[in-house]
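Structure first, then comments.
What follows draws every value from the coordinates through simple rules; no lab data is involved. This is a predicted model, so every value here is computed, not measured. No Cβ is skipped: glycine too gets one built from the backbone with ideal geometry, and neighbour counts run over all protein chains shown.
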């Protein structure tokens, strides 16, 4: 059986549709490196959000840091707005165990106390190990155990999904 992967460009448009009515002047988007940042850049532009885009690299907040070591491609975290009292939409490409989101929330709280944090993801693949749920989901997709769903971009910046076994 071959898993048919959805078009990530269409899923991005679905997230714009879902988020549009929820965005206010107090809303900030924060993307998690790497795929979440690509998605957040698209959403930020499409939704016309006034606040600058925030970027998180949660490498130092991972709970498997002692097992996997430091990721060689650490990107700087950039939160160019006051977090205190802000409504934040955290953006990631694939929601799986919930551990990446937990790390991202821990890092966000180092910058202040937001009024709220909601989660937008391109794909929810299930398999949660922590009680984390996305409020905005492009699609739910069952992915075989042992496989990774990866978002990348082609040379023109078009989003694409692939399955790595």
Highest GNM mean-square fluctuation among 150, 137, 23, for the chain with Cα springs under 10 Å, belongs to 150
Among 73, 18, 135, which one shows the highest mean-square fluctuation when the chain is modelled as a Gaussian network with alpha-carbon springs under 10 Å? 73
Nearest 5 percent is fine: what portion of the DSSP beta bridges confined to region 65-165 is antiparallel? 35
Within a Gaussian network of the chain (alpha carbon springs, distance under 10 Å), most fluctuating of 31, 54, 112: 112
Grab the Cα-Cα distance for residue 130 and residue 2, subtract it from 0.36 nm times how many residues apart they are, and report the gain in nm with one decimal. 43.2 nm
For region 81-158, take every pair of Cα atoms, bin their distances at 10 Å starting from 0, and report each bin as a whole percent. 17, 44, 29, 10, 0
With r as the distance between the Cβ atoms of residue 156 and residue 109 and R0 = 41 Å, compute the FRET efficiency 1/(1 + (r/R0)^6) and round to 0.05. 0.65
From fewest to most C-beta neighbours within 10 Å, the residues 97, 27, 77, 2 line up as 2, 97, 27, 77
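If I stretch the segment between residue 142 and residue 41 completely, what's the gain in nm (0.36 nm per residue apart, minus their alpha carbon distance), one decimal?
Taking residue 142 through residue 41 to full extension adds about 33.8 nm, to one decimal.
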Compute the FRET efficiency between residue 165 and residue 18 as 1/(1 + (r/R0)^6), taking r as their Cβ-Cβ distance and R0 = 41 Å, and round to the nearest 0.05. 0.85
As a footprinting exposure proxy, order 148, 105 by other Cβ within 10 Å, with the fewest listed first. 148, 105
Within the chain, helix-based [θ] at 222 nm, where runs of 4 or more DSSP H residues each add -39,500 (n - 2.57), nearest 500: -7500 deg cm²/dmol
